[in-house]
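Structure first, commentary second.
The values are calculated or read from the model by the stated rules, or taken from the named source; none is laboratory data. Everything quoted here is computed from the prediction, not taken from an experiment. FYI the Cβ positions are ideal-geometry reconstructions off the backbone, even for glycines, and counts take in every protein chain you see. Ligands, DNA and RNA are excluded from the accessible area calculation, which covers all protein heavy atoms including side chains. Shrake-Rupley method; radii C 1.70, N 1.55, O 1.52, S 1.80 Å.
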Amino acid sequence: MNLIKRFAVGSLAAALMLCTLFADSKKNVTLAKNIGELSWSKNVTIAAKNFEGAGEGSVINIDAQQTKADYHKFKAYSAGSANGGWKELGSGGVSGAAYSNSEFTLENKSSAITVRLTAQEAENLKKYGMVMHGFGVSIKKLELSSSQQKQNDNSEKSPGHAKIEKSPKNEKPTKQEKPAKHEAKQKNANLPFDLGNWKNFIVPAKDLHASGDFCIRIDTKASSAEKNPSYYNIKLYDAKWQPISKGSIHSSKEFASLKQDLIVLTKAEGFVVYTPTEAERQAIRTNGLLIQGYGISVSDVKTVTVAELHATSAPEPVIASKPVPSIKGSSLPKVVKGTPLPKVTMGTPFANHGKLHVTGTSLCDSKNQPYQLYGMSTHGLSWFPEYVSKESFATLRDDWNTNCVRLVLYPGDYNGYCNGGNKEELKRTVYRGIEKATVLGMYVIVDWHIHNDNPNKYKAEAKIFLDEVSKKYANYGNVLYEICNEPVNSDWNSQIKPYAEDIIPVIRKNAPDAIIIVGTNTWSQDVDKAAANPITKYKNIMYTFHFYANTHTDSFRKKVEGALKAGLPIFITEFGTCDASGNGGFNEQQTKLWFNLIQKYNLSHINWSLCNKAETASAISSSCQKKSGWTEEDLSQSGRLIRSHFRSLNR
């Protein structure tokens, strides 16, 4: 169905509203100079008195520079609110930096960033002041433009800062330095809508046939207003300017790719199909769809179903052990043996990134791009099996923004797999976890949870179990295997490495390319020993490091950096915000220092643990009996910090 006709009249009215001229009465107030390099663990505060002139439409100008080559992000908040919590700034519009999940990312070595304030943001700043923190960013100057300049084609941008444009429904700046005023008028409703230089239009929710698992097809050709043969881009939002970018794209061959929140086209003429996540579908159904872009003209917009999409994009058959081709942008493996792969929700992490592999020290996706896994670990399945459900995992995926779960099977502890536990029931719980996570498009780690023991003690049982699981799920490209959680009193060279070299071939004969994660001695802390003598017989091997923030501090971070620089691929399959015992000593500051290191090296990391056990490391409050759909009030202090961290990441 052609949707362009339906919004032409409404867009014309919006364009006429935008042509009203206002006088420029800006008054600039310097908030701070030469703040220096930001840190996640040290907050920069600007007193409330500096924001006396702030109001709706006021702009905060930020002169910032990158200080790290590979990581340069920051966040800004009003320092409090009526209920005492920080509130992220940015909902009124951001220009000059990428803005996603309340986080600013510098895209140039020096950036002139503008942040337009909503009425509520301005009110909070006047009451509570401003807070900033980040990593890899130095702030040279902060300035407040105390009154809004309404814009038209002749308006000037403030010195060193990008001009901010208005959309027909909601004020929103564009990221580019020279955005053009939105102009929806068309000579004929059947003609294309020319996006030109970052113009935008809205497809109202009522005009979208957005039922079920819909996708959005956008047909394009070259812009007549803005011609740059090397630069064709599209950005999608709901009509409230929330980015639509976590799904996947399908296109005519080699036509488009998804880079963070930008759809990059290799040429102007063709089509691209965007598959939203479930959360994005709901936002589009509720608010409508906003399309913005550069260098192209949109000739048609229509919805298609996932079934219709697959009917025209079937892949060639492949052998499971070989690289998986894309399904016109997707990366779902073709099943050839073993338990059939269940239907995977399109637009989810596994659908977007496919089977993973190790390159150097990096975990990479099927497109050979570095990829970070993160999420929650269950507690022992012998004691907390009730959190292994589709509903629990869906909450972690959709609300916590995670892409991975870890299934913990203790062999030796009381009621464990090899110590009195019901083996068949425990295996069924593991199988249920793998299958529920896979349907949701998540990655899953099967953890043979050696704890305070030598891994060779249960090697025979490990071989039987891991052979069964890897054979059953040979076609599941989203399953990773952790073969010894936390060995102790086990020398790497004489005990752990030989154990691993016995276990790895058991898995490899069934799942030749699966990621296998090998524990290290002293509760998986001695990665330096593994770096000195790594396993070289097999590919796609990673090595375990665990930390608990109140116990393991700077010396352990240096140990991790040393191992990475020596070429060891590290996966933090377990970490906590407290003492190594799992109870007491909650330490937010040290946890954030670990987060800095994790983001610097793009390390995958899994938090302990998803349960309501009465201990500090548990994410769920001990008084909460809910198994999914948790609110902030349902979470422990640790759970609130971890959820906030995961929600800040780009899945």
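Between S623 and T553, residue separation times 0.36 nm minus the direct Cα-Cα distance comes to 22.1 nm. On the accessible surface of the stretch 563-651, probed at 1.4 Å, how many percent belong to carbon and sulfur atoms? Within the stretch 563-651, the accessible surface is 42 percent carbon and sulfur. Hey, which of these cross-link pairs are over 25 Å Cα-Cα: K343/K427; K75/K390; K87/K302; K259/K592; K463/K537; K206/K302? Among K343/K427; K75/K390; K87/K302; K259/K592; K463/K537; K206/K302, the Cα-Cα distance tops 25 Å for K75/K390; K87/K302; K259/K592. Ordered by 1.4 Å accessible area with all protein chains kept, T577, T536 run largest first as T536, T577.
Accessible surface calculations at 1.4 Å, restricted to protein heavy atoms, place the stretch 578-651 at 38 Å² per residue. When T305, T616, T378 are compared by accessible area of protein heavy atoms, the largest-first order is T305, T616, T378, using a 1.4 Å probe. The charge dipole of the stretch 364-454, taken about its Cα centre with unit charges on the Cβ atoms of Lys, Arg (+1), Asp and Glu (-1) only, comes to about 220 debye. Ligands, DNA and RNA left out, the 1.4 Å accessible surface of the stretch 393-485 is 45% carbon and sulfur atoms. Overall, the stretch 528-651 carries a charge dipole of about 520 debye about its Cα centre when +1 sits on the Cβ of Lys and Arg and -1 on the Cβ of Asp and Glu, all other atoms neutral.
Each residue, K457 and R640, gets one label point 7 Å from its Cα in the Cβ direction; the gap between the two is 3.9 nm. The calculated FRET efficiency for the pair T286 and T67, based on their C-beta separation and a Förster distance of 41 Å, comes to about 0.55. Applying 0.36 nm per residue to the separation of A47 and R432 and subtracting their alpha-carbon distance, the gain on full extension is 133.4 nm.
Shape class of the stretch 347-411 from the alpha-carbon gyration tensor: oblate, with a/c at 1.5 or above and b/c at least as large as a/b. Note that the stretch 392-514 presents 30 Å² accessible area per residue, ligands and nucleic acids not counted, probe 1.4 Å. In the assembled protein chains, V358 presents an accessible area of approximately 30 Å² (probe radius 1.4 Å).
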